[in-house]
Every structure is written in C-alpha cells, then in structure tokens.
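For reference, the structure is listed below as structure tokens.
Computed from the coordinates by the stated procedures, all read-outs in this text should not be read as laboratory data. From a predicted model like this one, the values you see are computed outputs, not experimental measurements. Cβ placement follows ideal geometry from the backbone for every residue including glycine, while neighbour counts extend to all protein chains displayed.
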C-alpha cells in the first residue's frame, strides 16, 4: 500500500490509514452462523512508532462488543499510567492489499488530544510491516513482511 | 462485581502458577477460562481460538504471555 500527501500535511498529521475494526473473525463466523449481529467500524488510525502496542478508544470496544482478554499496564510520555483492558479484535485495511489481522490484541485507552484518530497502530503491528516514511516527498509505503 | 473486574478469577490462577510456568512456558500465551488452564500457545491468534473454543461466544477469558514481570507498555 502506498499513498502520498503533501510534505507539510504529513508533518502535521503523521502517517495515518483507514482501518476496519470489529470483533475477531472466529467470533464473527461462529456468531453469524447462529444469527448474532456484530458492528464493524471504519476509523482513522495513526501509524505510531512510539506506541509499543496498538491502542483504540474505549468507545470502539463497547460499540463493537470486543471480548476482553487481559489487562495491560500503559505509561504515556506525559506520565499518565494505569492498567487498561485489552481486547481481541479483527483489523483490516479497506481498499488495500495489506493483509488484515483476524485476531489481534488491542488496548482500550483514551487517545487524548487526538480527536481525529481513534486508533494508534503500534509496533506490535509494525513488527509485521515494512514501513517507508519519505518526509521530503510526503510518500508513505507499507508492505507486509513475508 | 464480575462486570467491574472481569478476569479476576483467571488472574488469580495466573499468579498462582506464574513461577512454575516460567520454567517451561516463558514467552508463550496461556489461556485461562475461569479456574481452568486451557493450554499454552506460541502466538496470540491460535491462543485466542483455543480460548474461544473453551469459553464459548461472549465469555471473557484470560490470554496472557508468561513473563516474570508484567511489561509496562509505553505510548508516545
């Protein structure tokens, strides 16, 4: 997946992508087979090399009825620290050939002062990607690592 | 209070076994449903499938990597 913004827009907004987030694929398949309905949300996600794991706004977990699987301790650069619920989710990337994730951990923690983004894509996802950030041209390229 | 503190029972089971599991399962994902240890897996996705299969739809379960101390994750 490759896209381009103006260098100044990339500087201002950072690299971000549209993602679809929902309950995990195994739950979807099992639940839909017995008539259950699930919501899928399309949100803006910032590719954040400073985040060690992927974070969502708590409202997404509630809306999509994500299943909690753990609690994780998080510290932010501003010193905010705490234990936050971790959920299992499916994440995909509409309009791209980037492979999605059928079941991946996301942690629900308010993303403060970032109303544009509802998700931070952290290094747990980046671990599976090759990411090229071209500041002078404004071009971003993401490829799945084989 | 299960709604306010989900996974409380599973976390107690985890802490009771952490030292023992560190000897043989460091870095693996353990799945715990209520008081029952379902198993250990190398990756999150297969652990999740095992947990879902054991717990059934809509029931939370613990899926945690076995480390000596819980990591503190940094978000910048």
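Taking the helices alone, chain A has a mean residue ellipticity at 222 nm of -4500 deg cm²/dmol, built from -39,500 (n - 2.57) per DSSP H run of at least 4 residues and averaged over all its residues. What shape does the range B:1-64 take by its C-alpha gyration tensor, where a ≥ b ≥ c are the square roots of the eigenvalues and a/c under 1.5 counts as rounded, a/b above b/c as prolate, and the rest as oblate? Cα axes put the range B:1-64 in the oblate bin. The alpha carbon gyration tensor of the protein assembly as shown gives principal lengths a ≥ b ≥ c with a/c of 1.5 or higher and a/b greater than b/c, which makes the shape prolate. Of the beta bridges in the protein assembly as shown, as assigned by DSSP with both residues counted there, near 85 percent are antiparallel.
Most simply put, the range A:1-127 has about 85% antiparallel DSSP beta bridges, counting only bridges with both residues inside it. Which distance in Å, rounded to a whole number, links the C-alpha centroids of the range A:98-146 and the range B:11-37? First find each Cα centre; the distance between them is then 30 Å. Exposure proxy ranking for A:63, A:76, A:54, A:69, based on other Cβ atoms within 10 angstrom of each Cβ and starting from the fewest, stands as A:63, A:76, A:54, A:69. Neighbour counts of C-beta atoms inside 10 Å place B:57, A:120, B:11 in the sequence B:57, B:11, A:120, starting with the fewest. Looking at the square roots a ≥ b ≥ c of the eigenvalues of the Cα gyration tensor of the range A:1-92, which shape do they give, rounded for a/c under 1.5, prolate if a/b is larger than b/c, or oblate? The shape class here is oblate.
Tell me, A:2, B:69, B:49, B:36 in order of fewest to most beta-carbon neighbours within 10 Å?
B:69, A:2, B:36, B:49
Using a Gaussian network model of chain A in which every pair of alpha carbons under 10 angstrom is joined by a spring, one finds that among A:135, A:122, A:78 the greatest mean-square fluctuation is at A:78.
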